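Before we start, here is the structure in question, set down as structure tokens.
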Amino acid sequence: MSEFSGLPPVDRRLFVPETVWGVRDGRFVELSRTDAPEEWEKLVTSDEAIATQVKDGMWPMSSSSAPSVMAQMITALQLKAGMRVLEVGTGTGYNAACLAALGAEVVSVEIERAAADHARRALRAAGHPDVVVITGDGERGAPSHAPFDRVLATAAAHTVPYAWIEQTEAGGLIVVPWAATFHPAGPLAVLAVRADGSAEGRFTAPVRFMPLRGQRLPQTALQETEERWAAAGKPEASRFGVTVTPAGQRVWLDSPDNPVG
């Protein structure tokens with residue numbers, strides 16, 4: 001295993017692009033492997049999230065997650081060898097490679113064509129040609145490859161796409177970072193899929209992820225969330241849960257009988 005418990009020994013350097021963006025003095029700065037190999041190496045082998053695509057020099061559009069956060073999410077999957085996993089958000093392909101190295105059959109969906117192409121090349125070069133990378137909208141899942149035992153999203157959601165539940169076997173798990181709609185920390189949700197077509201679970205430790213392309217929130221959302229959370233007495237994220245049915249979803253506090261959204 002790697003130094004991050006829960007991750008296999010997959011070399012991140014095989015997946016991170018030659019040009020990335022590091023943060024200096026609160027600003028993104030382009031970092032080239034060719035021009036600054038030592039700095040690139042230091043960043044890529046660290047436990048840092050790395051921006052791999054930046055818009056207007058300010059807004060990260062794609063990234064390689066911090067390995068310790070990846071390990072936390074993979075641990076939450078309760079993965080066993082041979083399980084079929086739907087990954088939503090391929091990114092560099094590094095997370096998919098880790099899942100495959102742990103024995104999973106991985107189907108990964110990436111909305112950005114250039115990122116998907118890069119991930120396919122990197123996965124082949126790293127010895128994981130069996131990972132299926134689909135260019136498309138991850139909110140729709142991958143129906144032609146379903147059913148899955150696990151679903152792992154690497155982008156934040158505030159609404160669980162019902163397609164993920166439809167494509168998951170009863171007893172399967174869905175692990176998804178949550179957008180800051182009820183708790184400012186943006187916690188991780190772990191939902192168990194039921195035989196009746198519903199899914200329910202609670203929230204765990206905080207994680208920070210960029211949102212799904214179709215689930216971006218306005219800039220005012222976090223301030224509004226902090227105000228609602230403070231008014232509720234600043235409850236821990238673990239006191240919240242979510243129930244999803246074909247009719248919609250409810251976020252609740254302490255009990256499904258106490259909905260908050």
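The values are calculated or read from the model by the stated rules, or taken from the named source; none is laboratory data. Please read all numbers here as calculations on a predicted model, not as lab measurements. Cβ sites come from the backbone with ideal geometry, for glycine too, and all protein chains shown count toward neighbours. Please note that ligands, DNA and RNA were not included when accessible areas were found on the heavy atoms of the full protein model with its side chains. Shrake-Rupley method; radii C 1.70, N 1.55, O 1.52, S 1.80 Å.
Would it be correct to say that residue 96 is touching a helix residue (DSSP H, G or I) at 6+ places or on another chain (Cβ under 7 Å) and under 22 Å from residue 9 (Cα atoms)?
Values: touching a helix residue (DSSP H, G or I) at 6+ places or on another chain (Cβ under 7 Å): yes; under 22 Å from residue 9 (Cα atoms): yes.
Spelling it out, residue 96 is indeed touching a helix residue (DSSP H, G or I) at 6+ places or on another chain (Cβ under 7 Å) and under 22 Å from residue 9 (Cα atoms).
So, in the stretch 234-247, of the ones that are open to solvent by 60 Å² or more (accessible area, probe 1.4 Å) and small (Gly, Ala, Ser), which residue ends up farthest from the chain's Cα centre (by Cα)?
By that ranking, first place goes to 247.
Confirm whether residue 198 is hydroxyl-bearing (Ser, Thr, Tyr), at pLDDT 95 or above and over 29 Å from residue 112 (Cα atoms).
yes
In the stretch 231-259, which residues are part of a loop (DSSP other than H, G, I, E, B) and closer than 19 Å to residue 206 by Cα?
Just the residues of the stretch 231-259 that are part of a loop (DSSP other than H, G, I, E, B), to begin with: 232-236, 246-247, 254-258.
Result: 232, 233, 234, 235, 236, 254.
When residues of the stretch 213-249 are filtered for being under 30 Å from residue 110 (Cβ atoms) and among the charged types (D, E, K, R), how many remain?
2
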